[in-house]
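The values are calculated or read from the model by the stated rules, or taken from the named source; none is laboratory data. No experiment lies behind these values; they were computed from the predicted model shown. Quick reminder, even Gly has a Cβ in these numbers, built from the backbone with ideal geometry, and neighbours come from all protein chains shown.
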Amino acid sequence: MSINIDKVRSIIGDIAGMIEEKKQYLSDLDQAIGDGDHGFNMARGFEVVMQKLKEAPGADIGDVLKTTAMALISNVGGASGPLYGSLFLKAAGLAKGLTEIDLAGFVPIFKEGILGVQARGKAELGDKTMIDVLLPALESLEKDSAAGLSGKEAFANAEKIAASCMEKTKDILAKKGRASYLGERSIGHIDPGATSSYLMISIINKALA
Ligand SMILES: Nc1ncnc2c1ncn2[C@@H]1O[C@H](COP(=O)(O)OP(=O)(O)OP(=O)(O)O)[C@@H](O)[C@H]1O
Ligand SMILES: [Mg+2]
């Protein structure tokens, strides 16, 4: 697997398209355990991301990720804007100067992004958040990268793990964010942020397949 800067831009474009397509569904999930804005927040943010990337396409992958981060931080309200913003911003720091990455290069960049989400939101595995999808996906990619699998194979595995971890958020009680105010009543609903994280991983998998 090798992802160059054009591929990174096209993957972000695919993510923006997917979020637009699924914005009602993501907001419906958030309606059940939050305030019903997750999909609409994300769609507004990614619309600005695409505008900004058009204005400033960037010279390396770090630039593209940083532009994405800043647009999300400024235009996605609520918890998920700063959280996804941190993911892309921290990832951008490690991707600075790079115009091409392979699986072994992707893993530490993704890890740095997830650590950024955790530094900001303090969520651990099992709190019913996007972390419940992001961390297992990272672990799967790390393991497969170390075992010498191709990027294509590794992302196919990560996508499956992300899907099942997203589903599992249905059975757990929310300990972070607005959903945590519901206590036991948060059980029985899939977490919207875990779903948007899964969808992003599935887009990367599709782009590599
Ligand atoms: N502390 C956190 N760490 C990681 N993810 C979180 C945290 N708090 C919330 N989330 C994620 O954000 C999603 C909600 O995003 P949304 O765009 O709806 O923001 P929001 O309405 O402000 O959310 P919230 O009400 O949870 O603050 C949740 O489904 C969850 O996955
Ligand atoms: Mg919300």
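Against the test of being among the aliphatic types (A, V, I, L, M) and surrounded by fewer than 19 Cβ atoms within 10 Å (Cβ to Cβ), the options MET70, MET42 yield a single qualifying residue, MET70.
Exactly one residue out of GLY78, GLY58, GLY36 is surrounded by fewer than 20 Cβ atoms within 10 Å (Cβ to Cβ), closer than 25 Å to GLU184 by Cβ and either at pLDDT 95 or above or not small (Gly, Ala, Ser) (or both): that is GLY36. The condition of being within 7 Å of ligand 1 (Cβ to nearest atom), part of a helix (DSSP H, G or I) and either at pLDDT below 95 or among the aliphatic types (A, V, I, L, M) (or both) holds for only one of LEU94, LEU87, LEU83, that being LEU83.
Here's the yes/no breakdown for (1) under 26 Å from ARG9 (Cβ atoms); (2) aromatic (Phe, Trp, Tyr); (3) within 16 Å of ligand 2 (Cβ to nearest atom); (4) assigned to a helix (DSSP H, G or I):
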{"site": "LEU134", "(1), (2), (3), (4)": "yes, no, no, yes"}
{"site": "GLU142", "(1), (2), (3), (4)": "yes, no, no, yes"}
{"site": "GLY148", "(1), (2), (3), (4)": "no, no, no, no"}
{"site": "LYS152", "(1), (2), (3), (4)": "yes, no, no, yes"}
{"site": "SER180", "(1), (2), (3), (4)": "no, no, yes, yes"}
{"site": "GLU184", "(1), (2), (3), (4)": "no, no, no, yes"}
{"site": "ILE190", "(1), (2), (3), (4)": "no, no, yes, no"}
{"site": "TYR198", "(1), (2), (3), (4)": "yes, yes, no, yes"}
{"site": "ASN205", "(1), (2), (3), (4)": "yes, no, no, yes"}
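When LEU53 is tested against (1) within 16 Å of the chain's Cα centre (by Cα); (2) away from ligand 1 (no atom under 15 Å from the Cβ); (3) farther than 23 Å from ASP191 by Cα, just one condition goes unmet, and that condition is (1).
GLY13 falls short on exactly one of the conditions (1) within 16 Å of ligand 2 (Cβ to nearest atom); (2) part of a helix (DSSP H, G or I); (3) of a type in the set (Gly, Ala, Ser), and that condition is (1).
Quick check: anything in segment 120-130 more than 14 Å from the chain's Cα centre (by Cα) and touching a residue at least 60 places away in the same chain (Cβ under 8 Å)? Among the residues of segment 120-130, at least one is more than 14 Å from the chain's Cα centre (by Cα) and touching a residue at least 60 places away in the same chain (Cβ under 8 Å), which makes the answer yes.
Of the residues in segment 26-43, how many are in contact (Cβ under 8 Å) with a residue 40 or more places away in the chain and in a helix (DSSP H, G or I)? Full working, then the answer.
Restricting attention to segment 26-43, the residues satisfying the condition of being in contact (Cβ under 8 Å) with a residue 40 or more places away in the chain are 26-27, 29-30, 32-35, 37-39, 41-42.
With the extra rule that they be in a helix (DSSP H, G or I), the set shrinks to 26-27, 29-30, 32-33, 38-39, 41-42.
The qualifying residues number 10.
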